[in-house]
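Read the structure below first, then the notes.
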Amino acid sequence: MAAPRLAVLGIDLGGTKIAAGIVDPADGAILFRSEIPTLAGAGAADLIGRVAAQATALLRLADAAGVRVRGAGLGLCEIVDRQGRLRSASLLDWQGRDLASLPGLDLPLVIAADVRAAATAELRFGAARGVKDGLYVSIGTGISTALIIDGQPYPGANGAALVIGTAKVETVCGNCGTASGESLEDFAAGRGIERSYDSTLQTTARTIIDRAETGEARAVEVVRRAACRAGAAIGHLANCTDPEVIVLGGGLGCAPGLYADELRQAIRRARWVGMPTKVQIRTAMLGPDGGIVGAALAFHEAAR
């Protein structure tokens, strides 16, 4: 009788959606996959319960197919330190929530920062294979970055290395002296695009980008401005870190069209002209599944 195929449950918990899958860590293949909306406004207890139900359904599919799932990795859009401890509460207030396991699941669980998990997946199976010094940038609902040093995502002392998307930059109006503070995400990522286009947030970033592709003037203006600001920030970050490769991931980072074109042009404009070689800009090969594969790899690496 053949030995069962070994796999890991990977869960990518983002600001808009929760993508999960049963992953073979040997080749990164996703055997079963599902996706549900995050609905963070319903609270932590509701979210954790729905993630557990989503995971249970996937585990049943794996069991029926004779796949043995050894554990689970949970990638969060939060700051996670080297020991797998949460250091932020950007998406939800996790205070008092036990994330060492999921309700009803008898599986060991490892917590990881979603951006470093996705970077790990690209290093292992995707656009960053063979890269020693690089940047992985995920642009979706928000913006997150991972610095790659010697072929590994670098967490920093507390897991907060290169957290630039949510960092507030205070500006003062030269005319009236009014101070305001906005982050890069506030105007350059999905949520910022939605807010700039429609203050009621009734139009999704995907719809706005689609309208820009048809030439709608307001959508073109919003998308172009967002991409240029994101690209300028990434270009300046590259000037500080000197990568050989920049990998763009996330829903917006991977999507072709006006945003992607303007983003890449802005990165190159912001690069210091004295650099001896041009940085390569690559699109993440695993696309939106990088977070799932990376979360599974987080458990796989921890269990070795």
Check whether at least one residue in segment 235-254 is in contact with an Asp or Glu (Cβ under 6 Å, 6 or more places away or on another chain), on the phi < 0 side of the Ramachandran plot and in a loop (DSSP other than H, G, I, E, B), and report yes or no.
yes
So, in segment 105-126, of the ones that are more than 15 Å from the chain's Cα centre (by Cα) and of a type in the set (A, V, I, L, M), which residue ends up farthest from THR204 (Cα to Cα)?
LEU107
The lone condition THR141 fails out of (1) at pLDDT 95 or above; (2) of a type outside the set (D, E, K, R); (3) out of contact with any Asp or Glu (no Cβ under 6 Å at 6 or more places or on another chain) is (1)
Please list, ordered by first then second residue, the pairs with beta carbon atoms under 6 Å, 6 or more apart or interchain, first in segment 33-47 and without any contact (Cβ under 8 Å) to a residue 24 or more places away in the chain and outside any helix (DSSP H, G or I), second charged (D, E, K, R) and loosely packed, with under 15 Cβ neighbours inside 10 Å.
none
Of all residues in segment 3-30 being assigned to a loop (DSSP other than H, G, I, E, B) and on the phi < 0 side of the Ramachandran plot, which is surrounded by the fewest Cβ atoms within 10 Å (Cβ to Cβ)?
ALA3
Restricting to segment 63-76, name every residue that is among the small types (Gly, Ala, Ser) and under 19 Å from GLY294 (Cβ atoms).
GLY71, ALA72, GLY73, GLY75
Looking only at segment 59-75, decide whether some residue is of a type in the set (A, V, I, L, M), surrounded by fewer than 17 Cβ atoms within 10 Å (Cβ to Cβ) and not in a helix (DSSP H, G or I).
yes
Which of the following residues is modelled with pLDDT under 95 and under 30 Å from GLN152 (Cα atoms): ALA233, ALA205?
ALA233
Of the residues GLY159, GLY126, GLY165, which is within 30 Å of ALA26 (Cβ to Cβ), crowded, with 21+ Cβ neighbours inside 10 Å and at pLDDT below 90?
GLY159
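Taking the options LEU9, LEU31, LEU39, LEU59, name whichever one is at pLDDT below 95 and of a type outside the set (Val, Ile, Thr). Give the steps one after another, and end with the answer.
On the way: LEU9 fails: at pLDDT below 95; LEU31 fails: at pLDDT below 95; LEU59 fails: at pLDDT below 95.
LEU39 is the lone residue from the list that is at pLDDT below 95 and of a type outside the set (Val, Ile, Thr).
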If the requirement is being part of a helix (DSSP H, G or I) and out of contact with any helix residue (DSSP H, G or I) (no Cβ under 8 Å at 6 or more places or on another chain), which of these qualifies: GLU262, GLU221?
GLU221
Considering only residues of segment 265-294 that are touching a residue at least 40 places away in the same chain (Cβ under 8 Å) and among the β-branched types (Val, Ile, Thr), which is nearest to ARG33 (Cα to Cα)?
ILE292
Yes or no: segment 42-53 includes at least one residue that is modelled with pLDDT under 95 and within 22 Å of ALA121 (Cβ to Cβ).
yes
Could you please let me know if GLU182 is surrounded by 12 or more Cβ atoms within 10 Å (Cβ to Cβ), in a strand (DSSP E or B) and at pLDDT below 85?
yes
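Looking for whichever is assigned by TED's automatic domain parsing to the domain that holds ILE30, aliphatic (A, V, I, L, M) and either in contact (Cβ under 8 Å) with a residue 24 or more places away in the chain or crowded, with 21+ Cβ neighbours inside 10 Å (or both) here; the options are LEU297, LEU237. Which one fits? Spell out the reasoning first.
Numbers: LEU237 fails: assigned by TED's automatic domain parsing to the domain that holds ILE30.
Of LEU297, LEU237, the one residue that is assigned by TED's automatic domain parsing to the domain that holds ILE30, aliphatic (A, V, I, L, M) and either in contact (Cβ under 8 Å) with a residue 24 or more places away in the chain or crowded, with 21+ Cβ neighbours inside 10 Å (or both) is LEU297.
The values are calculated or read from the model by the stated rules, or taken from the named source; none is laboratory data. Computed from a predicted model, the values in this text were never measured in an experiment. FYI the Cβ positions are ideal-geometry reconstructions off the backbone, even for glycines, and counts take in every protein chain you see.
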